Amino acid sequence: MASRRAALTDRVVGSVTVAAGVVYSAFLATPLLGARLDPGRSYVSELAALDQPHSAVFRTVDAVVGLVVVLAGGHVVRRGRVAAVRGAGVALALFGVATLLDVAAPMTCAPSADAPCAAAEASRSALAFGVHEVSSLLANAAAIGAVGLLAVARSRDRGADQPASPLEGTLLVGLALIASSGLVVVLEETVGLGLDAVVGWVQRVQVLTLSAVLVTIGLVIVAGSRWSRR
């Protein structure tokens, strides 16, 4: 009976995590909403800026995703029988908390579409981070940590000649994409790489990758994977 309840909990928590991962890519619907931001120059977070139409929709999406991911992280911590898996659960929960912080401290304006807003952003020093910047960095670091720890946990139980499963492959590719695109965005914001016209696309790749990673982690939870317990 207890094992059936645990399996049911895995399926429920995993399913809502999959749904959260899909919803996290809601920015793909912006053309249908008539968003005016240039996708090459703007960050996804600018869609939730207080001066943007439909900003409440995007903040609501982030709030729901953040709450679900905190729930999923707590579930992974409770169910994990391997230290690396429990660490991944903690990192996943931190990602959810950082997403909720983004909702609580949204951008007041979209710099890519508002000259005075852009001027105010440019006047700050490269290290003058606000709550939004800190929460974004925390979210990315937590996502990288969660995926990396899951990869470590799985590698301990596999043979050298055992091929990676599709889920493992997705997580490993996601780890590389999240880390590399995140590094590009951080460097562009701090030292400047001359990528103003394409940095928005780079960040959109990162957000889509995060969506795919959340879906993958949800599928791992649904399956009650060996990642969770030996």
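The values are calculated or read from the model by the stated rules, or taken from the named source; none is laboratory data. Since this is a predicted model, take the numbers as computed values, not measurements. Here Cβ is always computed from backbone atoms with ideal geometry, including for glycine, and neighbour counts include all displayed protein chains. Surface areas here come from the heavy atoms of the whole protein model, side chains and all, with no ligands, DNA or RNA. Shrake-Rupley method; radii C 1.70, N 1.55, O 1.52, S 1.80 Å.
Of everything in the range 175-207 that is in contact with a Leu (Cβ under 8 Å, 6 or more places away or on another chain) and either closer than 20 Å to VAL220 by Cβ or without any contact (Cβ under 8 Å) to a residue 60 or more places away in the chain (or both), the residue that is least open to solvent (accessible area, probe 1.4 Å) is ILE178.
Listed here are the residues, each with its yes/no results for (1) at pLDDT 75 or above; (2) open to solvent by 30 Å² or more (accessible area, probe 1.4 Å); (3) of a type outside the set (Lys, Arg); (4) outside any loop (DSSP other than H, G, I, E, B).
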position	(1), (2), (3), (4)
ASN140	yes, yes, yes, yes
ALA146	yes, no, yes, yes
LEU167	yes, yes, yes, yes
SER225	no, no, yes, no
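When restricted to residues that are closer than 30 Å to VAL76 by Cβ, part of a helix (DSSP H, G or I) and out of contact with any Gly (no Cβ under 7 Å at 6 or more places or on another chain), the range 16-58 contains 15.
Would you check if THR216 is touching a Leu at 6+ places or on another chain (Cβ under 7 Å), polar (S, T, N, Q) and either buried (at least 16 other Cβ atoms within 10 Å of the Cβ) or assigned to a helix (DSSP H, G or I) (or both)? Judged against the criteria, THR216 is a match.
Filtering ALA119, ALA151, ALA197, ALA128 for residues that are modelled with pLDDT under 80 and over 25 Å from VAL97 (Cβ atoms) leaves a single hit, ALA119.
Which of the residues belonging to the range 80-106 are open to solvent by 50 Å² or more (accessible area, probe 1.4 Å) and touching a helix residue (DSSP H, G or I) at 6+ places or on another chain (Cβ under 9 Å)?
If the condition is that a residue be open to solvent by 50 Å² or more (accessible area, probe 1.4 Å) and touching a helix residue (DSSP H, G or I) at 6+ places or on another chain (Cβ under 9 Å), then ALA83, ARG86, VAL90, LEU94, VAL97, LEU100, LEU101, ALA104 are the ones that fit.
The test for being touching a residue at least 60 places away in the same chain (Cβ under 8 Å), surrounded by 19 or more Cβ atoms within 10 Å (Cβ to Cβ) and part of a helix (DSSP H, G or I) does not hold for ALA110.
Selection within the range 38-74: residues that are of a type in the set (Ser, Thr, Tyr) and open to solvent by 20 Å² or more (accessible area, probe 1.4 Å). The member of this set that is modelled with the highest pLDDT is THR60.
So that you can scan it fast, the table gives a plain yes or no per residue for (1) open to solvent by less than 30 Å² (accessible area, probe 1.4 Å); (2) in contact with an Asp or Glu (Cβ under 7 Å, 6 or more places away or on another chain); (3) closer than 24 Å to GLY200 by Cα:
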position: ARG5; (1), (2), (3): no, no, no
position: GLY21; (1), (2), (3): yes, no, yes
position: ALA35; (1), (2), (3): no, no, yes
position: VAL76; (1), (2), (3): yes, no, no
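Evaluate the range 82-101: report whether one residue or more is part of a loop (DSSP other than H, G, I, E, B), more than 14 Å from SER136 (Cα to Cα) and not polar (S, T, N, Q).
yes
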